[in-house]
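The values are calculated or read from the model by the stated rules, or taken from the named source; none is laboratory data. Since the structure is predicted, the reported quantities are computational estimates derived from the model, not experimental observations. Every residue, glycine as well, gets a Cβ built from its backbone with ideal geometry; the counts of neighbours run over all protein chains shown. Surface accessibility is based on the protein's heavy atoms, side chains included, excluding ligands, DNA and RNA. Shrake-Rupley method; radii C 1.70, N 1.55, O 1.52, S 1.80 Å.
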Amino acid sequence: MSLFPITDELLSTPVPFQTKYFKTTLDHLNFTKNETFTQRYLLNDDYFGSPLTEESCPGPILLYTGNEGPITGFWESNGFMHYLAKKYGGLLLFIEERYYGESQPSEECCPYLSTEQIIGDFVQILTSVKRDYSAESCPTIAFGGSYGGTLAAYMKYAFPDVVQGALSASSELGYYDLNGWEERNITKYTFSDIVGTEYNKTDGCLEAIWDAGDAIENADEDELLQTFNYCELSALKPQKSALFTYGLEGLPQSNYPYPVGSLPAWPVSFVCKLMTNVSIPILSRAARVTAISMGYELDGPCFLTPEEGPGNVPGDGPGKGSWGYQSCTETLHTFSSIGRNGGGIRNFDFDVEIDYLVNLCADLYGVSPSSNALVERYAGFDIARQTSNTIFSSGELDPWGGAALRARDGGDDAADRGVYFFRMENGAHHLDLRGWNKDDPIDVTMVRKKEEEIIVGWINEWIDKHT
C-alpha cells in the first residue's frame, strides 16, 4: 500500500522549463579580468508564490546544482523538486555546469574548470535571478545528486548566507577523504565490492559475469564485433571485455524499482536472470546485458565506442572530455577491483595503474591528478561537524554510498545545526531526488517525507527571521 496520496505522485510530474542564458564571469579567481562566457540555465516560475512566505518574498528558490552533463538531462529526473515547487510555490532553477552542454567557457578543455569556479557560477546566476524576481529576501534550498550533491553541500558550506539549506543526495565526497577511510572501514575495494555484492544476490550471477568476461577475452575479434554489434575494434580496448564490465559496473547505481529510460525495473536482477540462463550461449548473454546497460539495440545501428570510461578506474577516471579533466585535477577516485575469487566483477589495481594515469593527465592537459584536492579546499567527512542545514542521504544499493556521511560524522550537535543523515536500505543513486512513485520502496518514501518536512522547516525558519 502506498504511504502517500496519489496527488503526491502527480505533483512530481515534471513541469516545462524556460531556457535562459547568462553572461557569467569567466574566472572568479582572477579579479583583474572582466571576461565572461555564456552559461545556460533552466527555470520555471509557474508556481512561484508561496503560502509559506510574506509579501516581501514571493516564494522559495529551489536550486539544482548541475553536475557533469547537459542540464536538460537533469530536469525530469528530479521530480522531488518539481513536487516541492508545486506544493510550496517555489521557483525552479537548474544551472548547467561549465564545460558541459551549451556552457563552454573556452574551445579547449578545460582551463577554467574547477569546483570553486562552478560554485562561483551558481552564486552569480542565483543572485541575478533573485534580483530579476525581486526575491532577494527569499530562502534558497540547493539540491544535488552524486557530484551535484557534493556541489550542493560545498555551496551551503562555503556560502551559508546565500544558500539556506541543502539536500546532498548520494554525494561521493567521503571517497576523497582518504585519511578518514580506515576508521570507517572503507578500502580501495569498497566501491567495487558493493557492485559485486549486488550481483551476488542472485545465485550464480557473479560467477556467470566472470565466466563471460573470460569468454570474451578468448573470443575472436570479428565474432565479438558481430555478436555485440560494435562499430569498431576500439570497443575491444583496452581489454576485449572492457565495455561489457564497464556497463555492468555502472548498473547498480541505477538499480531503481521502476523502468527509467531504456533500463527495466530492478535492472541488476533483470540482467542476472539473463546471465544465469544457461540455455543461451554465454557470449549472447553477455551481448544482451551489454546492450541493456549501455542503452543500445543489438539489431539496431552499431554501437559507437565511448570516448572515455571502459577499462578506466571503477566509477570513471582520467581521460578525454570534461569529466576526464576533472578526474585529472580534483575528482580522482583511488578505487581498485578484484574479479574472480574477489568481490568485484573485473580486475583493476589502482596502485599499478597510477603511473599511467599521471602520464595520461600530463599528456592531455599538463596537470597532475589529486585525490584530496577537494578535501583540502573545502572539507571531507568533517564537513558534517562544520556545516549547517544540510541533509546527507545515501542508498545501500549504490556503490557511491560506500563512503557516505553518517550520523557519527555529525557529532552530538548535528541536529541542533540542522544536519541530518538518511540511509535507504533499498535506495540506489539519489533515488530520493526522483519523484514519488507507487513502486518506491517504503524506506525511500519515508526518507523523502522526512526530507520534505525538514526543508519546509528551513523555509519557515528563514521567513520568520527575515520578514
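Quick look at the values:
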read-out	value
Filter result for residue 247 (more than 17 Å from residue 272 (Cβ to Cβ) and either in contact with a helix residue (DSSP H, G or I) (Cβ under 6 Å, 6 or more places away or on another chain) or free of Cβ contacts under 8 Å to residues at least 60 places away in the same chain (or both))	no
Per-region count, the range 368-382, residues in a loop (DSSP other than H, G, I, E, B) and open to solvent by 10 Å² or more (accessible area, probe 1.4 Å)	7
Residue 229 vs. criteria at positive phi, buried (at least 18 other Cβ atoms within 10 Å of the Cβ), in contact (Cβ under 8 Å) with a residue 24 or more places away in the chain and touching a helix residue (DSSP H, G or I) at 6+ places or on another chain (Cβ under 8 Å)	yes
Odd one out for residue 435 among (1) part of a helix (DSSP H, G or I); (2) modelled with pLDDT under 95; (3) touching a Gly at 6+ places or on another chain (Cβ under 7 Å)	(1)
Answer from 215, 286 - the residue that is part of a helix (DSSP H, G or I) and touching a Phe, Trp or Tyr at 6+ places or on another chain (Cβ under 6 Å)	286
Among (1) under 25 Å from residue 370 (Cα atoms); (2) modelled with pLDDT of 95 or more; (3) of a type in the set (Lys, Arg) - the single one residue 240 does not satisfy	(1)
Condition check for residue 112: in a helix (DSSP H, G or I), closer than 19 Å to residue 326 by Cβ, of a type in the set (Ser, Thr, Tyr) and touching a residue at least 24 places away in the same chain (Cβ under 8 Å)	no
Matching residues, the range 329-359, being out of contact with any strand residue (DSSP E or B) (no Cβ under 7 Å at 6 or more places or on another chain), within 26 Å of residue 213 (Cα to Cα) and open to solvent by 30 Å² or more (accessible area, probe 1.4 Å)	338, 340, 341, 349, 351, 352, 353, 354, 355, 356
Residue in the range 383-406 that is without any contact (Cβ under 8 Å) to a residue 60 or more places away in the chain, in a loop (DSSP other than H, G, I, E, B), buried (at least 23 other Cβ atoms within 10 Å of the Cβ) and out of contact with any Lys or Arg (no Cβ under 7 Å at 6 or more places or on another chain) present	no
Scope the range 5-47; condition touching a residue at least 12 places away in the same chain (Cβ under 8 Å), aromatic (Phe, Trp, Tyr) and open to solvent by 40 Å² or more (accessible area, probe 1.4 Å); matching residues	17, 21, 22, 47
Failed item in (1) under 26 Å from residue 351 (Cα atoms); (2) among the polar types (S, T, N, Q); (3) in contact with a strand residue (DSSP E or B) (Cβ under 8 Å, 6 or more places away or on another chain), with residue 164 passing the rest	(1)
Leading residue by the ranking (farthest from residue 255 (Cα to Cα)) among those in the range 431-467 that are in contact with a Leu (Cβ under 9 Å, 6 or more places away or on another chain) and open to solvent by 40 Å² or more (accessible area, probe 1.4 Å)	460
The range 119-144, subset β-branched (Val, Ile, Thr) and part of a helix (DSSP H, G or I), residue surrounded by the fewest Cβ atoms within 10 Å (Cβ to Cβ)	127
Condition broken by residue 200, with the remaining ones in (1) surrounded by fewer than 20 Cβ atoms within 10 Å (Cβ to Cβ); (2) in contact (Cβ under 8 Å) with a residue 60 or more places away in the chain; (3) touching a helix residue (DSSP H, G or I) at 6+ places or on another chain (Cβ under 7 Å) satisfied	(2)
Of the criteria (1) closer than 20 Å to residue 208 by Cα; (2) in contact (Cβ under 8 Å) with a residue 12 or more places away in the chain; (3) out of contact with any helix residue (DSSP H, G or I) (no Cβ under 6 Å at 6 or more places or on another chain), which one residue 265 fails	(1)
Subset of the range 169-214 [over 30 Å from residue 287 (Cβ atoms) and of a type in the set (Asp, Glu)]	172, 177, 182, 183
Qualifying residue in the range 105-113 (condition: within 22 Å of residue 14 (Cβ to Cβ) and open to solvent by 10 Å² or more (accessible area, probe 1.4 Å))	no
